[in-house]
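The values are calculated or read from the model by the stated rules, or taken from the named source; none is laboratory data. Just so we're clear, the structure is a prediction, and the values are computed from it rather than from any experiment. Every residue, glycine among them, receives a Cβ derived from its backbone with ideal geometry; neighbour counts consider all protein chains shown.
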Amino acid sequence: NWQTRLYPFVLAETSDYLPEQISMTYWFVQTKHGQVLKPQCLKFPYSNTQHQQIYQDLTDLLHQLTGYLQRYEADNVPFPQIASSTNCQTCAFAQRCQREVNRDHLMPIATLEEIPEVAL
């Protein structure tokens, strides 16, 4: 997960903390019948080896994106896309990918001006 990788990386790059002093902890709190159960957590330690690998991964991605941008600007070659899937229908980026589902058949939502005021 990039969140688990990127947050410790940014902290190590922008602070005096050494990678070995950093960890990422996810807390999970559940309730059962209105009572809070004992919180559980997952802790991901961080290391200099991970830091160097993430640095290399980010550098590689930046070079790849730079290449895509240069080809787009020079020859109008579109950025690559993953294969279309059923997930595209609910993806927040579907419109940017030109994969938005035709929603003409859905009932339009009224504007604020069209909604009658209700006296309380």
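Quick notes on this structure:
- In the set (1) free of Cβ contacts under 8 Å to residues at least 24 places away in the same chain; (2) surrounded by 10 or more Cβ atoms within 10 Å (Cβ to Cβ); (3) assigned to a helix (DSSP H, G or I), the condition left unmet by E73 is number (2).
- In the set F44, F79, only one residue is in a loop (DSSP other than H, G, I, E, B) and of a type in the set (F, W, Y); that residue is F79.
- Restricting the stretch 1-31 to residues that are surrounded by 10 or more Cβ atoms within 10 Å (Cβ to Cβ), in a helix (DSSP H, G or I) and among the polar types (S, T, N, Q), the residue that is modelled with the lowest pLDDT: T4
- Out of T66, T90, T111, sole residue that is modelled with pLDDT under 95, of a type in the set (S, T, Y) and over 30 Å from T25 (Cα atoms): T111
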